[in-house]
1. Within 10 Å of each residue's Cβ, count the other Cβ atoms and sort 40, 390 from fewest upward.
2. How far is it, in nm, from the label point at residue 178 to the one at residue 448 when both lie 7 Å from their Cα along the line to the Cβ?
3. Suppose a student asked you for the relative contact order of the range 123-203, using Cα pairs under 8 Å spaced at least 6 residues apart; what percent would you report?
4. Treat the count of other C-beta atoms within 10 Å as a stand-in for reagent exposure and order 189, 37, 144 from fewest to most.
5. I'd like the distance separating the alpha-carbon centroids of the range 157-181 and the range 39-67, in whole Å.
6. Using 0.36 nm per residue of separation minus the Cα-Cα distance, give me the extension gain between residue 104 and residue 196 in nm, one decimal.
7. With each pseudo-label sitting 7 Å past Cα toward Cβ, what's the residue 97-residue 140 distance in nm, one decimal?
8. Percent relative contact order of the range 16-108, based on C-alpha pairs within less than 8 angstrom and at least six residues apart?
């Protein structure tokens with residue numbers, strides 16, 4: 001009964017709104033990171049849609065809405081992931097044509113997205129595209145080109161996940177429980193006022209922010225140089241730890257090596273020469289460093305703790321290593337938060353630099369992606385999404401599986417691909433920060 005009533009209301013709203021406004025709720029889904037809900041996404045159309053091609057090529061009205069349920073999503077994280085998703089779903093020429101719009105969106109987001117926020121991207125054929133946060137306009141464009149690029153990140157070839165895309169293309173068949181939750185997400189009046197204040201003229205504040213950005217960048221570079229020695233130890237150890245993690249999880253099938261069928265040219269050619277990394281950590285140290293690959297950020301040890309543990313294990317091989325002190329984890333979280341809190345300053349040059357660098361990183365991982373032989377035998381497919389952090393030299397400092405496959409073989413292969421791809425190209429000078437984090441979507445699909 002409730003389902004019928006909701007659908008009837010959607011039809012009535014659509015008729016009242018007219019064809020210029022996308023009033024029908026076509027799909028609804030949550031987006032998760034590390035198993036935690038980040039936002040509830042809704043796609044509105046002017047008619048039921050189940051095929052992505054028709055939606056992406058149509059000039060019909062449509063609306064994307066994100067209602068934030070996480071405590072916060074920083075501007076830096078939001079814009080970084082948006083650039084990545086646009087890069088993997090768009091032609092370079094089409095994306096380059098929208099660099100100015102993307103930069104303006106980044107500038108208009110003055111702070112983190114917070115619980116209750118409603119971010120709306122609305123396209124109407126006669127009016128163009130308008131992006132609003134809690135009712136405050138952030139960006140207005142006359143065409144639909146930027147909107148279609150954003151829409152492709154949800155329903156394109158490389159969506160946030162295949163389940164997410166399917167939910168967006170449900171043609172109105174949405175989950176009633178999730179719908180009730182979605183309807184209950186709203187900003188407070190104080191939050192609305194705070195966002196509205198972002199758009200008020202503040203010339204002095206803009207100048208101060210632009211002046212502060214280079215200073216923060218210089219401070220980050222200085223901190224990076226000061227921490228060069230421990231970072232180097234972490235880089236060498238983390239690759240060893242990742243290998244230990246994969247090997248231990250693969251012990252049960254060691255007699256049956258994972259191979260790709262049919263064999264590809266990638267498997268037959270020799271791997272490119274890598275710069276020799278420092279000596280690997282001991283087995284005991286590798287177990288400690290393996291904490292870097294857990295899904296719980298709060299349990300990750302600091303770089304200094306990992307380096308100190310490696311030295312202690314070398315001197316006292318028989319001694320049981322001590323657990324990292326809570327204060328060390330707090331220090332690491334503080335450093336990560338400090339980096340994440342710095343707004344991403346986006347101009348045309350920076351956006352293109354990040355796009356090109358991201359392409360090079362993902363392409364390097366894809367070189368080592370193979371389809372496990374068991375997948376052919378059992379006729380199964382899957383997808384995995386990783387978040388990889390590297391230091392300025394390109395060595396891995398952290399790896400997380402942000403979206404696991406239901407089939408362990410794909411998770412293990414994804415970790416192996418990242419391990420083999422390291423070290424990555426060094427972070428370009430134009431990108432500031434001690435580390436660079438990026439997501440890697442890996443789809444394991446049968447070729448026939």
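No lab work stands behind these numbers, since they all come straight from the coordinates. Remember, predicted model here, so these are calculated numbers, not experimental data. Using ideal geometry, Cβ is built from the backbone for each residue, glycine included, and neighbour counts are taken over all protein chains shown.
1. With the fewest neighbours first, 40, 390 line up as 40, 390.
2. 3.6 nm
3. 24 percent
4. With the fewest neighbours first, 189, 37, 144 line up as 189, 37, 144.
5. 11 Å
6. Between residue 104 and residue 196, full extension yields 31.5 nm more.
7. Reported label-point gap for residue 97 and residue 140 is 2.3 nm.
8. Across the range 16-108, relative contact order equals 23 percent.
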